[in-house]
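In what follows, a structure is listed as structure tokens, so that the remarks can point back to it.
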Amino acid sequence: MKIKRLKIQGFKSFADPVVFDLPLGISAVVGPNGCGKSNIVDAVRWVLGEQNARHLRGRLMEDVIFSGSETRKPMGMAEVVLTFSNDGGAAPPRFASFGEIEVKRRLYRSGESEYYINKVRARLRDIVDLFTDTGIGTRAYSIIEQGQVGWLINARAEERRVIFEEAAGINRFKGKRDAALRRLEATKANLTRIGDITGEVKRRLGSLKRQARKAERCKALRDELREVELRLAGRSYRELAGRIDEGRRRLSLLADEEAALAARMSAAEAAGEELSGGRDEAEAAFAETRNRLAAIDGEIDGCERENERVAMLVSGLERDERRLGEEIAALEAEREAAGGQVEEIASAVADREASIARSREELAARERSLAEARERLDEERSLLSAEKAAHLKILSELSELKHSMKASMREEDDLRLREARAAREISETSAALEERRARLGELRSGLDGLVEKARSLGAELEKSSAELKALEDERAAVEEELGALTGELSHKASRLRALEEMEARYEGLKDGVKAVMRLGRDGERGGRSRLSSGVRCLLADVIEPSPGFERAVEAVLGDRLQYVLVDDMEGAVEAVEYLKERSAGRGSFVPLKEAGSPVMAGVGDPAIGLDGTVDASVLIDEVRVKDGCEGFVRALLGNVVVVDDMAAAAELWRGNGAVRTIVTREGEVVDPCGVVTGGRGGGAEGGILRQKMEIKRLRDDVARLEGRLRPLRQRREGLSAAVAETRKVVEGLRETLHSTEIGRVEVEGRVKRLAEEVERLSTRCGALASERSGAEEKLKEVAAAKAALSARREELEERRGAVEARMAELSSREAELAAECERCRASVTEARVAIASAREQLGALKERLAEKKRLIDELGGRMELKAAEVESGLRERREAQSRAAGLKRRIEKLLSEREGVRRREIEQGEVIAGLVRRQKELEEELKGLRSELSRVREEAGRLSVELKETELRREALSERMADRYGCDLAAYTAGAAAGEGDIDVEALEGRRDELRARLDSLGEVNMAALEEFAELDERHKFLVSQQEDLTRSMEAIRKAIARINRTSRERFRRTFDEVNATFKKTFPRLFNGGRAELRLSDESNILESGIEIAAQPPGKRLQNMTLLSGGEKALTATALIFSIFLIKPSPFCLLDEVDAPLDDANIDRFNAFLKEMSARSQFLLITHNKRTMELADRLYGITMEEPGVSKAVSVEF
């Protein structure tokens, strides 16, 4: 792979495109310091993939782009194209079939970088793979820059090893070994982690085995306890059912009495509604009358203000009329004065025009004299110019004859040479043309096949890409939806956990309530006391308001939401004693068996008195209560009405609020006494009920979101698998198409070049034939022309003598006529100056005359405008006076209408007062009926609470049995009643206590231990199998690393020995004596060992390399590089001023060795040495004609 062409554009100082065609052998680049020679080496290193800007003598990679000069702007892009010839097929297998390989790199100021191989977009990895193990690369020994020769000698032994690894071709093995070591470390970490997990699982297995045996004993005791407790609960259930039937009979009687009172109240309220409707109609008519009275007053005020404005307008118009008359008189006087000035200026203009006419006649006479003198002078000059032209023409023709004669002689010699060369080239070109045409036909046939294959692959790739894009779009949509749902689930689950933790810690409760609830919770787990087993829950736990009513319920109940529900009065007393003993605070306790209705003033049906004028509802209807607590909660909330806002609450309380509590949805409360409670704290408020409702809502949301996430995750996994499979297909097609395109581009390039070559050769053959026949004809013409030229030259010499005599006579006469013309010209100039002055004065007078006339016209126009304004003012004043009279008549009519409206207003007020008195009488009657109805409802409420408490106790008993044992107590009691007689309650209670004690003695029991034990045992077996797989994988990786190390050691050792043997021979040749060798710094560790250089120039002892002179160091490094090239030749080598430290004798030896090496590799030298320049097959000169911009000039030898 030799460099065929290097193209640079926009790279460093090469602003314009520069192309270097590099032949085989040696090419040299020369030029003064700072002209940009080393930028060529940087360009080659950069296009090969260099990523470190410092290695390109820059700070940032953007520094390689042309940065501008004094006359040029900076460029936005740098591009380098390197074309390799692959005639020997030395390229990697993927490109072995191509005759040329073109590598291109492009960099933009935005930082975007592009790579191309054969004009097809590629990656940096593709560039590196292309040159692997070829000796070509950014760090290879094929590029030796300024200073790198010294580095090779002064570098540490380990650093010097790099070029030997490249020569040995073990870089790719090092990459594989590093990857294997990383995999080995990862496997070790996985094995350690699995070992830790296996140990932990093994420890847990023993504990779970013991727990499983304990769970079996616990299950037998619980089954017996269940049967005993169900028999006792059935007996209590039957007793409670009898008490409930009696309570319902008494409530039925009170309901009949309440219905009679409600009917009487409805009649009274209907009469009140009728009165209220009449009052509303009277008040509406009264309001309409008052509105009409206000409208009349407003219209009277408007008319009076309009009348005043019209009076002011008439006064202003009279003043304007007087002012305009005065201005018209002044303008008339000014116009008369301007007319007198116009006559004076017109007289002066006539005098000045007569003076100018006389001056013009005098000027015309003088100009005629000047024209006659110029005419005679022009005639003489014309004759003289004609003679000079004739003389010049003769001299010119004589000179042309001499040159023509010489040219004819040279042309005759050239034509004879061209005729012979054309005949020879016609023969050679015809043979080459036939050979190119045959090759072109073969290539075009192959190109058609590649084009068809690329078209087929492109269509298949487009179809697969469309399928891939559709799958990726669908997966992206699923991912987006999944991300949104996951975020929402995470947020809500986090909020739910926080609220549940707050609920478990009883945050926000009183200290006494917290203490009792914790005792109940801990006691239920450990069964330590009667008190702990009797604590049920908080009142807030059994209430569930409808959405939007949480604030209302919290506002009404307040701290009562923290009431602790216990089984009976003994439990309540015991709880109080517990708090007193431990000073744990205060609390309120509700004994569910004995608790009755709270003492409340005027408790009754809250719906009574809600006549529909206010949007209100009964709060208890918006609350759901757990079984067993309905009576107590109804006693607390049964007399509460909820409205939308405080305005509705105030209106309802004024109507009949003394018998109920009124609350708004926002939590403002109006009690029966009219005390208003409300407001809001500065922070975020959240009561117990709202917190519990939020927990319930969040649990539902979390369950719903998890249900939606499961199918989405399954869909995503399916789409990911489909995308991976489709992408694999697309990548395969793209790779195949890429290879095909590369082949097509290569063949197209070869076809194009061959076609151009055929066209060029055909044209060349025709041109050569024409050239040969033309040369023969031209020889004949040249011979005849030479004879004619000799005769013409003799004739011209005779004519030149006669012309020179006539020129002398005409020059004397010309001088006399020129003096006469100058005198006439001065006289004409003086007359013209006088006329110009008079014209300027005349122009000024005419300007003044025109200005005065314009002034007179302007004054006349202004007078007409003023007169029009006077007439317009008179019309406007008459209209305003007429409008003022109409306004006075309108005001008188409105005052008369106002009196009638005022009398109607007084009459309507008296009617409204009578209706108000009748309404008050009906309200007193309704108040008595409401009092009686409240008494009946209070009695019914008390009985309802007692009945509800009994039902709650029965339902609580059923719920407790259902929660504890999953048994329907009603069905169990109905089935067991027939088969059971009297049971021994004391014996059953004794057996129950004994079973509970035995269960308590077992302590905490994990009932899921059996299932967990089976799962954990299965997991232990799986982890052991994984551990064995990882151990086998580690052994395989170690074997692979050992195999890579063995191959690397063998190849490195073999290459080192070969280079060392060659170095021992090369060093004496370059130094003309002496000896040198290479040594490994650590023979036992070849893979990491450094490389030492031992050198002894002729006549010196073996010494430290740093003590060598600059020339000796350069020659030693050159000997080492040439030794490597002899063992592993690189296709090309770039040497940047490597010969700078060498003297003339060493230069000759260096050049001789370089000439020998050029048979194997291609060399590009940058040098200042003349002897090295003489060695080059092609010489490139780098110059900076334009400051800051490098240009190239080539010379081929």
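Computed from the coordinates by the stated procedures, all read-outs in this text should not be read as laboratory data. Keep in mind the model is a prediction, meaning the values are calculated, not measured. Note: ideal-geometry Cβ built from the backbone for every residue, glycine included; neighbour counts use all protein chains shown.
Structure summary
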read-out: 0 to 90° range, to nearest 10: angle between helix 1110-1127 axis and the chain longest Cα axis; value: 80 degrees
read-out: Length gained when the stretch ALA476-LEU1087 is fully extended (0.36 nm per residue, less Cα-Cα span); value: 215.1 nm
read-out: Directionally averaged projected area (convex hull, Cα atoms, segment 879-933), nm²; value: 6.1 nm²
read-out: Inter-centroid distance (Cα atoms) of segment 249-323 relative to segment 1118-1197, Å; value: 113 Å
read-out: The chain - percent relative contact order, Cα under 8 Å, separation 6 or more; value: 28 percent
read-out: Protection-proxy order for peptides 1039-1048, 355-364, each taking the mean of Cβ atoms within 10 Å per residue, highest first; value: 1039-1048, 355-364
read-out: Ratio Rg/Rh [Cα only; Rh per Kirkwood] for segment 370-450; value: 1.62
read-out: FRET efficiency for ASP1144 and ASN33, using Cβ-Cβ distance with R0 set to 22 Å, rounded to 0.05; value: 0.60
read-out: Efficiency of FRET between SER276 and GLU907 - r from beta-carbon atoms, R0 25 angstrom, step 0.05; value: 0.75
read-out: Gain on full stretching of the segment that runs from GLU332 to ARG210 - 0.36 nm per residue minus C-alpha separation; value: 30.6 nm
read-out: Long-range amide H partners of PHE589 with built H, under 5 Å; value: VAL564
read-out: Inter-label distance, nm, simple model (7 Å from Cα along the C-beta direction), GLU239/ALA987; value: 1.9 nm
read-out: Residue order, fewest to most surrounding Cβ atoms within 10 angstrom, among TRP653, TRP151; value: TRP151, TRP653
read-out: LYS893, LYS214 arranged by Cβ crowding within 10 Å, fewest neighbours leading; value: LYS893, LYS214
read-out: Acute angle (nearest 10 degrees) that the helix 157-168 long axis makes with the longest principal axis of the chain, alpha-carbon atoms; value: 80 degrees
read-out: Assigned charges on the beta-carbon of Lys, Arg, Asp, Glu; segment 378-473 dipole about Cα centre (debye); value: 400 debye
read-out: Convex hull volume per residue in cubic angstrom - Cα atoms of the chain; value: 479 Å³
read-out: Antiparallel DSSP beta bridges within the chain, as percent of all bridges there, nearest 5; value: 70 percent
read-out: Dipole magnitude (debye, nearest 20) for the chain, charges at Cβ of Lys, Arg, Asp, Glu; value: 6740 debye
read-out: ASN1045 versus LEU401: modelled label distance in nm, points set 7 Å from Cα along the beta carbon direction; value: 10.0 nm
read-out: Cα-Cα P(r), segment 918-961, percent of pairs per 5 Å interval; value: 6, 19, 13, 12, 11, 10, 9, 7, 6, 4, 3, 1, 0
read-out: Of LEU947, MET517, ALA1061, farthest towards positive along the dipole that unit charges on Lys, Arg, Asp, Glu beta carbons give the chain; value: ALA1061
read-out: Largest-first ellipsoid semi-axes for segment 756-846, taking √(5λ) over the Cα gyration tensor eigenvalues, angstrom; value: 68, 34, 6
read-out: Cα-based Rg and Dmax for segment 197-336, where Dmax is the largest Cα-Cα distance (Å); value: 51.3, 141
read-out: Extreme residue, positive dipole direction of segment 283-417, given options LEU324, SER408, ILE394 (C-beta unit charges); value: SER408
read-out: Gained length - ALA791 relative to ARG753, 0.36 nm times residue gap less alpha-carbon distance; value: 8.2 nm
read-out: Tail beyond 11 Å, pair distance distribution of segment 737-776 (Cα, percent); value: 68 percent
read-out: Virtual spin-label span in nm between ARG716 and ALA354, 7 Å along Cα→Cβ; value: 11.4 nm
read-out: Degrees between helix 511-526 axis and first principal axis of the chain (Cα, 0 to 90, nearest 10); value: 90 degrees
read-out: Spherically averaged projected area in nm², based on the convex hull that wraps the Cα atoms of segment 226-273; value: 5.2 nm²
read-out: Paramagnetic label zone (point 7 Å from Cα along Cα-to-C-beta, GLU435; backbone N under 20 Å) in segment 726-770; value: 750-766, 768
read-out: Given charges at Cβ of Lys, Arg, Asp, Glu: the chain dipole, positive-most of PHE164, ALA270, GLY774; value: PHE164
read-out: Using a Förster distance of 60 Å, the FRET efficiency for ASP301-ARG935 (Cβ separation, nearest 0.05); value: 0.45
